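The structure under discussion appears below in the form of structure tokens.
The values are calculated or read from the model by the stated rules, or taken from the named source; none is laboratory data. Source: prediction; values computed, not measured. Glycine gets a Cβ as well: all are built from the backbone with ideal geometry, and neighbour counts include every protein chain shown. Each accessible area value is taken on the protein alone, full model and side chains, heavy atoms only, with ligands, DNA and RNA left out. Shrake-Rupley method; radii C 1.70, N 1.55, O 1.52, S 1.80 Å.
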Amino acid sequence: MTKGLYITSAEPYSGKTIMVLGLMEFLVGRIGRIGFFRPLIHNHRKVDPFISLIMSRYQMPQHQETMFGCTFGTARDLLVEGRQEDLYSLILEKYKALEAQCDFVVCVGTDYTDAAISVELEFNMAMANHLGIPMLPVLKGKDKPVSHILESTQVIVNLLRDHRCDILAVVITHVAPDSREGMLFVLGQVFKDDFPIYAIAEDPRLQKPTIGEVAESIDAVLVSGSKDLYDGLVRSIKIAAMELPNFLEQIEEGSLIITTGDRSDIILGVLAAELSGLYPHIAGLILTGKFKPAHNIQQLVECLGAKTLPVFAVNEDTFSTAIAADAVECCIGPRDQRKIAAALGLVECSVNLHEIVDRVALTPSEHMTPLMFQYELIHQAQRNRKHIVLPEGMEERVLRAAEIALFRDICDITLLGNEQDIRRKISSLGLSLEKASIIDPMTSGWLDTFSDTYYELRKHKCTSKQLAYEIMAEPTFFGTMMAHLGYVDGMVSGATHTTADTIRPAFQIIKTQPGISIVSSVFFMCLEDQVLVYGDCAINPDPSAEQLADIAINSALTAQAFGIEPRVAMLSYSTGESGQGPEVDKVRLATRMAQERRPDLKIEGPLQYDAAIDIDVAKLKSPDSKVAGHATVFIFPDLNAGNNAYKAVQRAAGAVAIGPVLQGLNKPVNDLSRGALVSDIVNTIAITAIQAQL
């Protein structure tokens, strides 16, 4: 069985990084052990940028030394000595060593920056044949008419066929959006059923460098601002040589402004323009030459620009700096989460990755890694797009997560808060959230309707109409009512609010599903090669037997909804009938109740944790059990046991804990940890969207 593919291009900056990211993202959701390999890199003492990106993004377990064949220097020496076969053997040996450890290997060819294009293309074709894997050529369609793209495709296809290379598919990147369909039709007519051809449209988000890339390339020193602002796109470069009033009229969205360090008027004007919100967002400011701002100006720069605008300094003159900055090529690095999300979105909507994978005849893995699970979250949410409201519209992590959710097409997003303040915050962070809706609860036309609805729901609790109005102006209550009345499909909150602030409105407004006695929660515990479900570890301090049965059934259904076969272990300090006491009796009764209510589910207990998860222990303590040793859903008897257990596993085993995920509500509402990372928020948004599909 073929265990890999070889992605190559025929010229520099072809866009193959976009395709590699899309393919890797797809494969980690289906293959157990993924390998990444480059036949040649520039310098073994430095991490290859491509390898660095993949290792960082996908937490590759291999060391860099195992992920490349040799350096360009070694390759040149061997070729000069006439030892071409030794070069191929060296690379093949290292590839096979990696292949032996993996279920599948993605091999990425050279970058066409160290030798003539014809030489490198010849090398890549020969290397793919020696490795015995099919090729996926990536061609650049930027600024080319359809006739030229057709000609380039015919040339590369003929070359590959002449060298007896197996062609898996052809991908053409950076295609003008308005000519994409016509180009695909023309190429489809020429190549017919030989192999699939895909076209990825040009996207300006991937054509412009970030301010961080520019600063690193020209050796600029950060004077003021945060590295969190480094991912803003540089859309244009402006030299500030005119007087301030005239220059302000030249500012465009994403401008990188370059001026000498002694132009105090320009420096202060740029800071004021960015802070005012009256001008387009500025990507950054570079101060050139040996002149430095006056001390008091420097203090203002450090104070005013710290959170909104990165300010850099270089020793070169303004003209030289502008030329160098303009020459910086756009790339995708490990920290470029926005570009990565945009690239993945482009590939996912343009390339039939299922078809490519089927053509390589892959065998899916029986294991589920954290990356596989998170991949499935994203793609399950994409299959039936829902609408999620985020009441913490001014929180930076929430805004960054919302942007990724929109880039990845996970769901529609509504942000709550003062619209002007939120848009100013979005602009200062350099984010792209044009597709997000923004609603201010205080000025919304829905506020009266929401207040009346809340009053009717809570008047039996002596809630007045005035109090109902004041409560519904709170973002979490407003967002919950949006879900309740169907304006959105779910809500995610908690980045700045407490768990009580998030859950209380849901209890009061949305309430529990029919037949469910209790709202509970689960954590998805992502271990090295499996994902387990723990419940309830966040909500109920001491559930009754009936409530524990509800928690078990709901947790099993939650696991099932997220692709985990539910085998439910009702946990206690005793296994089977050996233990006595009120705690174990409660678990025993809860198990019987759950089994009677849902005989179709595999639910057993009481089980000790070791008997539930370890096959060898299960053979001794519960040899006839269908759950013991194979449990995927673990139900703890109370909050004390559950909360401590999930945190112990999280810390001791290095597990990724996703949650808490609430279950049992009529509409999905989920709580975030106040220390949640952007990736945690994205996962929770996806989970909420999936719950809304059920």
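Residues of the range 436-452 that are under 11 Å from GLY393 (Cα atoms) and either more than 29 Å from the chain's Cα centre (by Cα) or small (Gly, Ala, Ser) (or both): ALA436, SER437. Within the range 126-148, how many residues are open to solvent by less than 10 Å² (accessible area, probe 1.4 Å), part of a helix (DSSP H, G or I) and at pLDDT 90 or above? Selection size over the range 126-148: 0.
For (1) at pLDDT below 90; (2) farther than 19 Å from GLY212 by Cβ, each residue gets a yes or a no:
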{"position": "ILE332", "(1), (2)": "yes, no"}
{"position": "PRO370", "(1), (2)": "yes, yes"}
{"position": "ARG385", "(1), (2)": "no, yes"}
{"position": "PRO391", "(1), (2)": "no, yes"}
{"position": "LEU406", "(1), (2)": "no, yes"}
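Only residues that are part of a helix (DSSP H, G or I), in contact with a helix residue (DSSP H, G or I) (Cβ under 8 Å, 6 or more places away or on another chain) and under 21 Å from ALA241 (Cα atoms) were counted in the range 273-306, giving 4.
Taking the listed residues LEU662, LEU620, the one that is closer than 30 Å to SER493 by Cα and at pLDDT below 95 is LEU662, with no other qualifying. Within the bounds of the range 71-84, is there any residue that is of a type in the set (Asp, Glu) and buried (at least 23 other Cβ atoms within 10 Å of the Cβ)? Checked against the condition, which is being of a type in the set (Asp, Glu) and buried (at least 23 other Cβ atoms within 10 Å of the Cβ), the range 71-84 yields no hits at all.
Within the range 506-520, which residues are in contact (Cβ under 8 Å) with a residue 60 or more places away in the chain and touching a Phe, Trp or Tyr at 6+ places or on another chain (Cβ under 9 Å)? Residue satisfying the conditions is VAL519 alone.
Could you check the range 169-252 for strands (runs of 3 or more DSSP E) lying wholly inside it with 3 or more residues that are over 20 Å from GLU355 (Cα atoms) and open to solvent by 20 Å² or more (accessible area, probe 1.4 Å)? Here the list reads 221-224, 236-239.
Any residue at all in the range 221-231 that is in contact with a Gly (Cβ under 6 Å, 6 or more places away or on another chain) and more than 17 Å from SER427 (Cα to Cα)? Yes.
Residues that are without any contact (Cβ under 8 Å) to a residue 40 or more places away in the chain and not in a strand (DSSP E or B) were ranked within the range 592-608; the one that is most open to solvent (accessible area, probe 1.4 Å) is GLU596. Scanning the range 527-542 for residues that are surrounded by 24 or more Cβ atoms within 10 Å (Cβ to Cβ) and either without any contact (Cβ under 8 Å) to a residue 40 or more places away in the chain or not in a strand (DSSP E or B) (or both) yields ASP536, CYS537. Part of a strand (DSSP E or B), in contact with a Phe, Trp or Tyr (Cβ under 9 Å, 6 or more places away or on another chain) and not charged (D, E, K, R): does that describe PRO660? So PRO660 fits the description; yes.
Taking each residue of the range 409-422 that is assigned to a strand (DSSP E or B) and looking for partners that are of a type in the set (Ser, Thr, Tyr) and open to solvent by 10 Å² or more (accessible area, probe 1.4 Å) with beta-carbon atoms closer than 8 Å, six or more apart or interchain, yields ASP412/SER437; ILE413/SER437; THR414/SER437; LEU415/SER437.
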